[in-house]
Amino acid sequence: MLQSVRRFIASESAGGVALALAALVALVVSNSAWAPYYERFVQMPGELRIGGWLVLAKPLLRWVNELWMAVFFFVVGLEIKRELLAGELASPRQALLPAGAALGGMVVPALIYAAINLSDPVALRGWAIPAATDIAFALGVLMLLGSRVPVSLKVFLTAVAIIDDLGAIVVIALFYTAELSLPMLGAALLGCALLFALNRARVMSVGPYVIVGLVVWVCVLKSGVHATLAGVATALAIPLTRPDGGSPLEDAEHALHPWVAFAVLPVFAFVNAGVSLEGVSLATLADPVPLGIAAGLVFGKAIGVFGASWLLMRWAGAELPSEASRLQFFGVCLLCGVGFTMSLFIGALAFDGQGAGYETRLKIGVLGGSLTSAMLGTLVLLRAGRRSR
């Protein structure tokens, strides 16, 4: 099990580097003479037709955020199921510390953001933006520190981020759903029932699940619920083990992980991270939206994750990850404030149709808060590493 965790962490950290590079390229291009071409690219129209029937027509940005990211959520669903059934979250004792830490790390940032934006009902829709940790980005920073950070802390961060993703999925389903189309929602639920019927019939090939999952994706998209949730539903139906001892779930996860790490997430970052910095000043950074996001990521995550962990260690018998000092643990709590991918994703849902002003403030807050958390976490971990020598 530990070897598979090490492989998972290595792939996530390398993907974090690709993610950072894609975001950097988007930022540079959107502030250069190529900016108009970048904007045309992300708004390029695309259509899906079956015969003469127009099924979907969306700009590239929407295709990436609703179909491309459904693949990401499919892999997230596989990770969550594997961890809950056979991984670091399989026993209550193992899950106690990361689950409590993740909960604290979602609640406190949301409260900080809401307190700063209480007077603006539109801005308040973004309360969940700073609540998620970007597993690829955060692990990428940890891996750059090498042996200065114990493996137990990398496992802890991975578990917290996976539980964060589960929480984000619930938040998206409950709070960022448009008007519902009951017929389409009913069709989607029938598709989900078929997925789990395939599981009960012990269908071990992933292909039938993917075919049904695509139909579910179209139905969910047209129902008003965010379409990426179809990826999670499909993943949860994939069997964990075969009678011969193999694992369809792990096979699918290992096959898709490189594509998600080096294609899906970098493309998402490229089309979403482009923001013009023209006219951005200290006053812009002090605007309630970017300030709330950045404060939630930098302070809320550190306070929430570390505070909840301390309470669990003090009163519930949870233990500090092995071979880790409290200062190293606090450094990892700071890294939980790297919220890039899911924060941008939730922000796009929260401010959909609210204009470029909110979109710009969203991106500035997420980029600024994530970068600050990464730098502070790195500095604390470097200092903790020197102390331990």
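The values are calculated or read from the model by the stated rules, or taken from the named source; none is laboratory data. Keep in mind it's a predicted model, so treat the numbers as computed, not measured. Backbone-built Cβ (ideal geometry, glycine too); neighbour counts: all protein chains shown. Each accessible area value is taken on the protein alone, full model and side chains, heavy atoms only, with ligands, DNA and RNA left out. Shrake-Rupley method; radii C 1.70, N 1.55, O 1.52, S 1.80 Å.
Exactly one residue out of 62, 125 is in contact with a strand residue (DSSP E or B) (Cβ under 9 Å, 6 or more places away or on another chain) and modelled with pLDDT of 80 or more, and it is 62. All of (1) open to solvent by 10 Å² or more (accessible area, probe 1.4 Å); (2) under 30 Å from residue 221 (Cα atoms); (3) more than 17 Å from the chain's Cα centre (by Cα) hold for residue 289 with one exception: (1).
Go through (1) part of a helix (DSSP H, G or I); (2) out of contact with any His (no Cβ under 8 Å at 6 or more places or on another chain); (3) under 30 Å from residue 57 (Cβ atoms); (4) not hydroxyl-bearing (Ser, Thr, Tyr) one by one and return the number of the condition residue 179 breaks. With respect to (1) part of a helix (DSSP H, G or I); (2) out of contact with any His (no Cβ under 8 Å at 6 or more places or on another chain); (3) under 30 Å from residue 57 (Cβ atoms); (4) not hydroxyl-bearing (Ser, Thr, Tyr), residue 179 is out only on (1). Restricting the stretch 264-285 to residues that are small (Gly, Ala, Ser) and open to solvent by less than 60 Å² (accessible area, probe 1.4 Å) leaves a set whose member that is farthest from residue 358 (Cα to Cα) is 269.
Here residue 216 meets the list (1) modelled with pLDDT of 90 or more; (2) open to solvent by less than 30 Å² (accessible area, probe 1.4 Å); (3) outside any helix (DSSP H, G or I) almost entirely, failing just condition (3).
Across the stretch 219-256, the number of residues qualifying as assigned to a loop (DSSP other than H, G, I, E, B), among the β-branched types (Val, Ile, Thr), modelled with pLDDT under 90 and open to solvent by less than 20 Å² (accessible area, probe 1.4 Å) comes to 1.
In the stretch 334-389, the qualifying residues are those that are over 15 Å from residue 129 (Cβ atoms) and among the basic types (Lys, Arg), and the one that is least open to solvent (accessible area, probe 1.4 Å) is 383. Scan the stretch 26-36 for residues that are free of Cβ contacts under 8 Å to residues at least 12 places away in the same chain, under 24 Å from residue 341 (Cβ atoms) and not in a loop (DSSP other than H, G, I, E, B) and jot them down. Selection gives 28 alone. With a requirement of 2 or more residues that are closer than 24 Å to residue 44 by Cα, the helices (runs of 4 or more DSSP H) lying completely within the stretch 260-360 that satisfy it span 265-272, 340-350.
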